[in-house]
Each structure stands twice: as C-alpha cells, then as structure tokens.
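*Asks:* This is the structure I have questions about; it appears just below.
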Amino acid sequence: MKLIAVKDYKQLSEKAAKLIIQKVNEKPDAVLGLATGGTVVGIYEELIRDHKENATSYKHTRSVNLDEYIGLAPYHEQSYFSYMNELFFKEIDIQAQHTHLPNGQAHNVTEECERYEQLIKALGGIDLQLLGIGENGHIGFNEPGTSFHSLTHVVKLAQSTREANARFFSSIDSVPTHAITMGIATIMSSREIMLVVSGEKKAEILCELFTHGKTESIPATVLKDHLNVTVIADEQALSVLN
Ligand code: F6R
C-alpha cells in the first residue's frame, strides 16, 4: 500500500480529487467505484468545482457504488441513491443511466446481489475504487469477520456502524438494519483502489491497518494483497501511527 500523508481534510480532498480527475482524463469511459459517508464529501465538492472551472467531463464515465441500505425508498433523503444524486451526480455531466447503486428495494435481494455482481463484470470491472474505512476496519459494509472471498451480498449492520451513521438520521431506530454491499472479493477485483482516511476517530484503525497482518477481523487489511492501493491520510488520522 502506498501512503500519501497530507496535512488536513482539505488537502486530502484535493489530492484524492486530483487522482480521480487524472483517471477520467486518461480514460473518459472509466468505471469509477464510488463511496458515500462523511470523508468523501469534500472529494465530490472538489470534483464539482473542477468540473465547473476546468470542464472535466464525465459524459462517458460509468459509476458503481459500494453499497445501499435495504428498505429505504430511493428518494429517502438518507438513501445512498439520494446522497450520490444530491452531492455529486446532479452537479456534473454524468449520464443517469451510467450511474449504478445496488437496489435496496429489490423484491429479491439475493438476486439483486447477483445482478449487481454481473453488472460490474459487464461494465468491464472497476478501474478505480474509492473507499473510506469504518472505525472497526470495515470497507463498504463488510464488517469484521466477513470472508475475504465474499461477493456482493446482504449484510446485517454492526451496532457500531448503525451508531456511527445515526448522525444522518432522526434517531438510531431509523437507521436501517441491513444493507447490500459489494463483497471484499468484488472490491479487490478493482484495478486500482484509493482509501481515504481523515480525523482522529480513524487514527487507531489506521495504525492497526499498517501494523497488523492480514486478518478477516479487520476487513481493510485485505488491501495489503492488492498491488495498486493508495492510502491518503491526514495528520489527525496518522497521529497514532506516527
Ligand atoms: C460508504 C461505505 C463505508 C464508509 C465508511 C467510512 O459507502 O461503504 O464503508 O466509507 O463507513 O465512513 P465515513 O467517511 O463517514 O467515516
């Protein structure tokens, strides 16, 4: 794993956005694996700013998101579908039919997982996957203990993950209990991976990621086996490691 240390969240967002822009310029029809959550918001803001100022175009770019809650209507304000549309897609020139998320309202969620896995294959695989990390080491919604061989699947969210995400909902009880997530093997089949880590709350897990061997109890440690991973972390996130 290559580590890029930056000063703060602003620099992290700028650096990550720069690498994504580079990829889209090199390969306009790139398949971008996208994430939601707090850390990546600044990256989307940078990409939007660049799109408006420098006209980087996403007209031919395709996107697949890591995950989606089960049971929220697509237009529920906390669905990842709404998040992506509000915070990114509607501000750039990506075509709606080129953007993909798992359907958390599918009648048969097992079939939906298979469909999503096939979709990623049909798109030619993911060129660049953007990842955040949970305080427990999760990537996507792959919680500790998830098999490194897992493909897109249904997960029961860890209580700690629901608590961490409760800030976006009216109460913890409104946070969905299940989600569909790309599996660890799905993520690992991406040609390139960029993990962004910011803030003190992530300092312990980032230290564990770099100092621990590979273990399914810390899902992100699987990234050590991937040949093209860049970790971008700010000073606060690096404060335990350093
Ligand atoms: C989001 C996702 C999650 C987040 C992780 C970090 O699509 O799959 O793994 O990347 O929970 O979230 P933040 O950035 O909110 O700390």
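The values are calculated or read from the model by the stated rules, or taken from the named source; none is laboratory data. This is a predicted model, so every value here is computed, not measured. Ideal geometry is used to build each Cβ from the backbone, glycine not excepted, and the neighbour counts take in all protein chains shown.
*Asks:* Enumerate the pairs (first residue in the stretch 111-133 and without any contact (Cβ under 8 Å) to a residue 60 or more places away in the chain; second residue anywhere and in a strand (DSSP E or B)) with beta-carbon separation below 8 Å, excluding pairs fewer than 6 apart on the same chain, so at least 6 apart or on different chains.
*Replies:* L119/V64; L119/H100
*Asks:* Tally time: how many residues in the stretch 149-174 are of a type in the set (S, T, Y), surrounded by 14 or more Cβ atoms within 10 Å (Cβ to Cβ) and either within 17 Å of the chain's Cα centre (by Cα) or away from the ligand (no atom under 13 Å from the Cβ) (or both)?
*Replies:* The number of residues fulfilling the criteria is 3.
*Asks:* Can you name every residue in the stretch 175-196 that is within 15 Å of the ligand (Cβ to nearest atom), in a loop (DSSP other than H, G, I, E, B) and of a type outside the set (S, T, Y)?
*Replies:* V175, P176, M182, G183 - these are the residues of the stretch 175-196 that are within 15 Å of the ligand (Cβ to nearest atom), in a loop (DSSP other than H, G, I, E, B) and of a type outside the set (S, T, Y).
*Asks:* State the number of residues belonging to the stretch 145-174 that are out of contact with any Asp or Glu (no Cβ under 7 Å at 6 or more places or on another chain), at pLDDT below 95, outside any helix (DSSP H, G or I) and over 21 Å from V41 (Cβ atoms).
*Replies:* Result for the stretch 145-174: 2.
*Asks:* Taking T177, is it closer than 23 Å to N108 by Cβ and surrounded by fewer than 17 Cβ atoms within 10 Å (Cβ to Cβ)?
*Replies:* yes
*Asks:* Here is a follow-up. Of all helices (runs of 4 or more DSSP H) completely enclosed by the stretch 8-111, which ones contain at least 1 residues that are crowded, with 20+ Cβ neighbours inside 10 Å and more than 14 Å from the chain's Cα centre (by Cα)?
*Replies:* Output list reads 9-26, 41-54.
*Asks:* So which of I70, I4 ends up being touching a residue at least 60 places away in the same chain (Cβ under 8 Å) and within 16 Å of the ligand (Cβ to nearest atom)?
*Replies:* I70
Rundown of residues vs (1) away from the ligand (no atom under 12 Å from the Cβ); (2) without any contact (Cβ under 8 Å) to a residue 24 or more places away in the chain; (3) of a type in the set (G, A, S); (4) closer than 18 Å to N228 by Cβ, yes/no style:
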| site | (1), (2), (3), (4) |
| --- | --- |
| V24 | yes, no, no, yes |
| G37 | no, no, yes, no |
| V41 | no, no, no, no |
| R62 | yes, no, no, no |
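*Asks:* While we're on this one: Please verify whether the stretch 199-217 includes one or more residues that are closer than 23 Å to Y80 by Cβ, more than 12 Å from the ligand (Cβ to nearest atom), free of Cβ contacts under 8 Å to residues at least 12 places away in the same chain and hydroxyl-bearing (S, T, Y).
*Replies:* No; the residues of the stretch 199-217 include none that is closer than 23 Å to Y80 by Cβ, more than 12 Å from the ligand (Cβ to nearest atom), free of Cβ contacts under 8 Å to residues at least 12 places away in the same chain and hydroxyl-bearing (S, T, Y).
*Asks:* Just name the residue that is nearest to T110 (Cα to Cα) out of those in the stretch 180-212 that are in contact with a Ser or Thr (Cβ under 9 Å, 6 or more places away or on another chain) and charged (D, E, K, R).
*Replies:* E192
*Asks:* Right, another one. Pull up the stretch 190-207, narrow it to residues that are more than 23 Å from K18 (Cβ to Cβ) and crowded, with 17+ Cβ neighbours inside 10 Å, then point me to the one that is nearest to the chain's Cα centre (by Cα).
*Replies:* Ranking the qualifying residues of the stretch 190-207, first place goes to I205.
*Asks:* Considering only residues that are within 18 Å of M84 (Cβ to Cβ), away from the ligand (no atom under 15 Å from the Cβ) and among the polar types (S, T, N, Q), which ones fall in the stretch 118-132?
*Replies:* Selection gives nothing.
*Asks:* Quick test of your reading of the structure: H138 fulfils all but one of (1) more than 16 Å from the ligand (Cβ to nearest atom); (2) within 18 Å of the chain's Cα centre (by Cα). Name the failing condition by number.
*Replies:* (1)
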